[in-house]
1. Kindly indicate whether any position in the range 152-160 is touching a Leu at 6+ places or on another chain (Cβ under 9 Å), within 21 Å of A80 (Cα to Cα) and surrounded by 15 or more Cβ atoms within 10 Å (Cβ to Cβ).
2. Among the candidates E159, E155, E144, which residue alone is touching a helix residue (DSSP H, G or I) at 6+ places or on another chain (Cβ under 7 Å) and free of Cβ contacts under 8 Å to residues at least 12 places away in the same chain?
3. Scan R164, R170, R143, R194 and give me the residue that is in contact with an Asp or Glu (Cβ under 9 Å, 6 or more places away or on another chain), within 25 Å of R51 (Cβ to Cβ), crowded, with 17+ Cβ neighbours inside 10 Å and among the basic types (K, R).
4. Please determine whether any residue of the range 98-114 is touching an Asp or Glu at 6+ places or on another chain (Cβ under 9 Å), part of a strand (DSSP E or B) and surrounded by 14 or more Cβ atoms within 10 Å (Cβ to Cβ).
5. M39 passes all but one of (1) farther than 15 Å from I212 by Cα; (2) surrounded by fewer than 21 Cβ atoms within 10 Å (Cβ to Cβ); (3) modelled with pLDDT of 95 or more; which number fails?
6. G87 passes all but one of (1) modelled with pLDDT under 95; (2) in contact with a Ser or Thr (Cβ under 6 Å, 6 or more places away or on another chain); which number fails?
7. For residues that are modelled with pLDDT of 95 or more and among the basic types (K, R), tally how many sit in the range 186-219.
8. In a loop (DSSP other than H, G, I, E, B), farther than 24 Å from R85 by Cα and over 18 Å from the mean Cα position of the chain (by Cα) - does that describe any residue in the range 183-198?
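The values are calculated or read from the model by the stated rules, or taken from the named source; none is laboratory data. Note that this is a predicted model, so its numbers are computed, not measured. Don't worry about glycine lacking a Cβ; one is built from the backbone with ideal geometry, like all the others, and counts go over all protein chains shown.
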Amino acid sequence: MIPKAVCRLCRPPRKLLPFSNRPRFGHGEERLPCYSYQMDEGIETNRQVPRFRQISGPFFRSVLVDRVKDVLAPHMPESAGRYHRPGQATLYMSPKLEWAMIAVSGYIREDGRPRVVVPLMVGVAHVLDQHDEEACRAIGVDRELSNAPWRAALEAGEEPPSWRNSDAARASGADGIVDRSRMIPGGWHVNLFRWNHHGGPSVEVCGEPVAITLSRDGPKWGL
C-alpha cells in the first residue's frame, strides 16, 4: 500500500504514539496525501482546549544542495522566516513534491543557488491549521497577518506580522502551523516548531534528493 499523509481534527493527546513501519520510496516518487477529519469529544472542562489538526505521512522539504546532510537541522541562529524569529526552530515542508519546488522557485531565480527536494516521513503531529478560522480565532491568530510580506518587513527594520501568529501557535502547544499557500491554488505547507525531541513528532529522511529544475521562461514563483 502507498503511504499517505493523514490529517485529523483533534485536541492534543496526553502522549504521542510512536510512528512505525516507515516505508521508503525511490528517487523522485511522490505520495499524494489523503485527509480524514475527526473531532475528539474530549472532557468537559472550564479551560478551552486548542483545536489542532493531526497530520502524518510523507512530506517534502526543499534545501540548498550543500545543506542536504543538514535537512533535519534547525536554521542557522541568524536565520529568520515567515514563521520563525532568529534562533527559533522551524522545519518547512510540503505534502506534495511539486509544491515544495514551487515554494523555493522564486529564491532560486533570485540567487541562482541550486536546491533539491528531500522526501521525509513524519510521525503524528498536532498543528494549528490556518484553514480553520475558528481554531485560529480561539488562540488569537489573525490569518491575514500570515499573508503579509515578511521579507519586506525585515528589510524595513520592522517585525513581520506573521510572527505574531507563530508566537500564538507556539504558545498554544501546537507542534507546528499550516500555512495557506499564496502562490498555489489550494496549496498548503507545514512548519513544524519541534521534531525528534521535546515531545515533537518523529521526522526522518525516506528517499533520495530530487533535483529542482526550472524553466527559463516560467513565472518567478513557478516551475
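1. Let us first name the residues in the range 152-160 that are touching a Leu at 6+ places or on another chain (Cβ under 9 Å), namely 160.
Within this subset, residues satisfying the condition of being within 21 Å of A80 (Cα to Cα) are 160.
Within this subset, residues satisfying the condition of being surrounded by 15 or more Cβ atoms within 10 Å (Cβ to Cβ) are 160.
Within the range 152-160 (the criterion being touching a Leu at 6+ places or on another chain (Cβ under 9 Å), within 21 Å of A80 (Cα to Cα) and surrounded by 15 or more Cβ atoms within 10 Å (Cβ to Cβ)), the answer is yes, since at least one residue qualifies.
2. Details: E155 fails: touching a helix residue (DSSP H, G or I) at 6+ places or on another chain (Cβ under 7 Å); E144 fails: touching a helix residue (DSSP H, G or I) at 6+ places or on another chain (Cβ under 7 Å).
Residue meeting the stated conditions: E159.
3. Numbers: R164 fails: crowded, with 17+ Cβ neighbours inside 10 Å; R170 fails: in contact with an Asp or Glu (Cβ under 9 Å, 6 or more places away or on another chain); R143 fails: crowded, with 17+ Cβ neighbours inside 10 Å.
Among R164, R170, R143, R194, only R194 is in contact with an Asp or Glu (Cβ under 9 Å, 6 or more places away or on another chain), within 25 Å of R51 (Cβ to Cβ), crowded, with 17+ Cβ neighbours inside 10 Å and among the basic types (K, R).
4. No; the residues of the range 98-114 include none that is touching an Asp or Glu at 6+ places or on another chain (Cβ under 9 Å), part of a strand (DSSP E or B) and surrounded by 14 or more Cβ atoms within 10 Å (Cβ to Cβ).
5. (3)
6. Unmet for G87, out of (1) modelled with pLDDT under 95; (2) in contact with a Ser or Thr (Cβ under 6 Å, 6 or more places away or on another chain): (2).
7. 1
8. Within the range 183-198 (the criterion being in a loop (DSSP other than H, G, I, E, B), farther than 24 Å from R85 by Cα and over 18 Å from the mean Cα position of the chain (by Cα)), the answer is no, since none of the residues qualifies.
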